[in-house]
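FYI, it's all coordinate maths here, none of it is from the lab. Given the structure is predicted, the values throughout are model-derived calculations rather than measurements. Here Cβ is always computed from backbone atoms with ideal geometry, including for glycine, and neighbour counts include all displayed protein chains.
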Ligand SMILES: Cc1cc2nc3c(=O)[nH]c(=O)nc-3n(C[C@H](O)[C@H](O)[C@H](O)COP(=O)(O)OP(=O)(O)OC[C@H]3O[C@@H](n4cnc5c(N)ncnc54)[C@H](O)[C@@H]3O)c2cc1C
């Protein structure tokens, strides 16, 4: 039986052989379009070597790896500078949802495509009038023979422009008299490449377009591609959001450490370290990251408890925003100057600064996360959301 050290060597060797210079550091949040086809190819090789589904149970085609091994994998992945994966929505969101709440047929149909990154997914929840207040979605789906027919609009749909499938929260029945708005919603699996679906990119602060508007105008999906019972989709949608990033959070924090190390190096080169305020902020960033990592490891190895994933999200999102702000201070005018495009290092920090503004919004804004803690952990009175 292989021990953890051998396992670490195995993944390290695999990454050393497969992470070529043109892939190192490419992609990730804020740079999702960078080297996309090369990263897709890399993700497929990762999958073929059995690494992508390390955390999936064996009965669903994964390796059923222990938490310890998942942590090792993500640490080594980040240390090697391996590129941002393109399959994360499938692997961490819809895959586990189908394992827990899908039918056998849905699992047989979709899990292999997710596991091999031959089918990419996007998440169709938010709408112009429904973000934090997700139960307000107005996209409708109606049965027409053996198909659901969808009409409506989604927004901020990350990676919809490259996705083959979308999991969509849609209203399939009116709200029953006296019931909550959560009733009558369904969780549908919808093919993206069909005439009734239009994807329109949204240009974001970085100048890139990683998310989109998605319009459904008579888009169709098969009748049995509803996960859970029709009308019971709220429960399924919440289950998807509940699959914690788990061990991947550790890898993300290894990446944060590299960002911090690089920023310290930049501050030395520019002489910004002469400024006591910069020294103070860099040191604080190091302390906060050390505490965040220790807390994450402690939480991961303890039995699940209410609010822990929420606390980690609140801490890391604010940490990264702070790092972006500090990078702008260190860069000075170079951080904001209009540039010719060949200022690689400044571009990296500018993107981090600009994209990190979104870290406290997506996946549930920080205000909403604090609201959850207030109600579920502190037991404060619930907000009225009917
Ligand atoms: C980079 C990025 C990627 C995204 N990707 C996806 C995706 O792939 N799929 C998808 O479906 N969505 C996606 N989203 C959308 C994201 O989930 C929403 O932006 C988020 O849920 C907030 O909704 P909203 O933008 O409608 O803001 P609103 O809900 O209108 O909120 C506006 C402000 O009011 C505050 N607020 C709202 N309600 C309350 C309350 N009850 N108490 C206290 N404060 C409150 C919020 O915190 C926020 O500051 C993405 C967003 C971003 C930024």
First check a/c for segment 276-378, with a ≥ b ≥ c the square roots of the eigenvalues of its C-alpha gyration tensor; if it is under 1.5, answer rounded, and if not, answer prolate when a/b is larger than b/c or oblate otherwise.
prolate
Using the basic label-point model (7 angstrom from Cα toward the beta carbon), what is the residue 179 to residue 334 distance in nanometres?
6.0
Taking the chain as a Gaussian network, where each spring joins two C-alpha atoms under 10 Å apart, which residue of 158, 305, 209 fluctuates the most?
305
Once fully extended, how much extra length lies between residue 277 and residue 104, figured as 0.36 nm per residue of separation less the alpha-carbon to alpha-carbon distance?
56.4 nm
Shape call for segment 121-231 from the C-alpha gyration tensor, a ≥ b ≥ c root eigenvalues: rounded (a/c under 1.5), prolate (a/b greater than b/c) or oblate?
oblate
Distance-filtered residues of segment 1-32 - backbone nitrogen under 13 Å, label point 7 angstrom along residue 68 Cα→Cβ
2-8
Using label points projected 7 Å from each Cα along Cα→Cβ, tell me how many nm separate residue 261 and residue 365, to one decimal.
3.7
Report the extension gain between residue 21 and residue 315 in nm, rounded to one decimal, defined as 0.36 nm multiplied by the number of residues separating them, less their alpha carbon distance.
102.7 nm
With labels modelled as points extended 7 Å from the Cα through the Cβ direction, what inter-label distance (nm, one decimal) is found for residue 294 paired with residue 138?
5.1
Which angle from 0 to 90°, rounded to the nearest 10, does the C-alpha axis of helix 344-356 make with the longest principal axis of the chain?
40
Counted neighbours (other Cβ, 10 Å), sorted fewest up, put 164, 288, 104 in the order 104, 164, 288
How large, in Å, is the chain by the Kirkwood hydrodynamic radius built from its alpha-carbon pairs?
22.4
